Amino acid sequence: MKLIINGKEENIAENELSLSKLLTLKDVKFPQMVSVQLNGEFVKTDLYESKILKENDNVEFLYFMGGGR
Amino acid sequence: MRNDELLRYSRQIILEQIGGTGQEKLLASSVFVAGAGGLGAPALYYLAAAGVGRIGVADWDAVDISNLQRQIIHFTDDIGKLKSDSAFEKLHRLNPDIKIERFNLQIDAENISDIIKDYDFIIDGVDNFPTKFLINDAAVFLNKPFSHAGILRFSGQTFTHIPGGACYRCMFPAPPPAGLVPTCSEAGIIGPVAGVIGSVQALEAIKYITETGQLLSDRLLTFDALTSEFRTIKIKHANNCPICGDNPTITELQNTELPTCDI
Ligand SMILES: [Zn+2]
């Protein structure tokens, strides 16, 4: 299945996967480490498990960045 | 404007988007920079150089040798000096015509509103999540625009909050659990990334004050130095945002325990 992840087209072997599965595939160890936009809308952390991705979905992982000094 | 001011700012006055009117606006404006570190250093330099008439700088820390690799407002002979003093000295030498206000303190829920209420634009150059969220919350409550930024390793991100637009909590409703996201001292940071992102923050302040171009409001700019890629991601104001959404759960400022600093 083709997904657009952080602006780049990627082919994912699975044809049905949840957002939380994608996070695992993408090496995001804890869901609290990122904020996720699916097709422009933020998804609440507790919905990652039930959110099933479709072909051509646009997923943005926004990473926490706390540095500044 | 005096003759020497016309000369000092001539290269930006010549820009049709700035002009004499924009320069007058800059000279009459005020910007508060929280943190005189990696992000604060370039932001402060460029704001002072551009003639922002009043600049506030807050930092509680003293200059350490490990800061010098990126916090370019501090020099080797400043080691041990308060960062707010060290920054003040450089900025005053760069542009003696403007007013620099020093705050040698840690920003907290008790003092932040009183400090930022007197400034037109706020720049977040702090290095920890509790203070980043505090700056967001105080700015939202006071209807102040501010520039958020974060940097880590070879990457950085920044976005601008304009009253009514998306805020930091629209993207990240709450700080990450302590220890999950490393800090610069734990994970490292390459100096010029701070320079790139801090310079964008200065640009946002200048653009806001002179009403020039499009701000990074409702957009997050991300920069990856390893791939040399800049991206902007559209950020929608979240109706369920805990502070600026329809049913806010955060109604007052709160201090969160700061992680202990490991210099
Ligand atoms: Zn918000």
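The values are calculated or read from the model by the stated rules, or taken from the named source; none is laboratory data. It should be emphasised that the depicted structure is a prediction, and the values quoted were computed from it without experimental measurement. Backbone-built Cβ (ideal geometry, glycine too); neighbour counts: all protein chains shown. For accessibility, only protein heavy atoms count, side chains too; no ligands or nucleic acids. Shrake-Rupley method; radii C 1.70, N 1.55, O 1.52, S 1.80 Å.
Brief remarks follow.
- Condition check for residue B:194: touching a strand residue (DSSP E or B) at 6+ places or on another chain (Cβ under 9 Å), within 10 Å of chain A (Cβ to nearest Cβ) and surrounded by 21 or more Cβ atoms within 10 Å (Cβ to Cβ): yes
- Given (1) within 16 Å of the ligand (Cβ to nearest atom); (2) farther than 27 Å from residue A:41 by Cβ; (3) not hydrophobic (A, V, I, L, M, F, W, C), index of the condition residue B:242 fails: (2)
- If the condition is being modelled with pLDDT under 95 and among the small types (Gly, Ala, Ser), then the stretch B:219-241 contributes only B:238.
- Single residue of the stretch A:1-48 satisfying the filter (among the hydrophobic types (A, V, I, L, M, F, W, C) and away from chain B (no Cβ under 14 Å)) that is surrounded by the fewest Cβ atoms within 10 Å (Cβ to Cβ): A:13
- Residue satisfying all of: in the stretch B:157-186; under 20 Å from residue B:47 (Cα atoms) and more than 12 Å from the ligand (Cβ to nearest atom); farthest from the other protein chains (Cβ to nearest Cβ) among these: B:160
- A single entry from B:204, B:229 fulfils the requirement of being more than 21 Å from the chain's Cα centre (by Cα) and more than 16 Å from the ligand (Cβ to nearest atom): B:229.
- Per the listing B:115, B:98, B:123, the residue uniquely over 28 Å from residue B:241 (Cβ atoms) and modelled with pLDDT of 95 or more is B:98.
- For the stretch B:114-140, the tally of residues that are hydrophobic (A, V, I, L, M, F, W, C), within 14 Å of chain A (Cβ to nearest Cβ) and open to solvent by less than 20 Å² (accessible area, probe 1.4 Å) stands at 6.
- Exclusive hit being without any contact (Cβ under 8 Å) to a residue 12 or more places away in the chain and away from chain A (no Cβ under 14 Å), set B:104, B:111, B:143: B:111
- Filter pass, residue B:238 being of a type in the set (A, V, I, L, M, F, W, C), touching a residue at least 40 places away in the same chain (Cβ under 8 Å) and touching a Lys or Arg at 6+ places or on another chain (Cβ under 6 Å): no
- Test: residue in the stretch B:222-235 that is farther than 27 Å from residue B:257 by Cα, within 9 Å of another protein chain (Cβ to nearest Cβ), in contact with a strand residue (DSSP E or B) (Cβ under 7 Å, 6 or more places away or on another chain) and assigned to a loop (DSSP other than H, G, I, E, B): yes
- Count of residues meeting criterion [of a type in the set (S, T, N, Q) and part of a loop (DSSP other than H, G, I, E, B)] in the stretch B:111-147: 3
- Meets criteria (under 28 Å from residue B:25 (Cα atoms) and within 16 Å of the ligand (Cβ to nearest atom)) for residue B:132: yes
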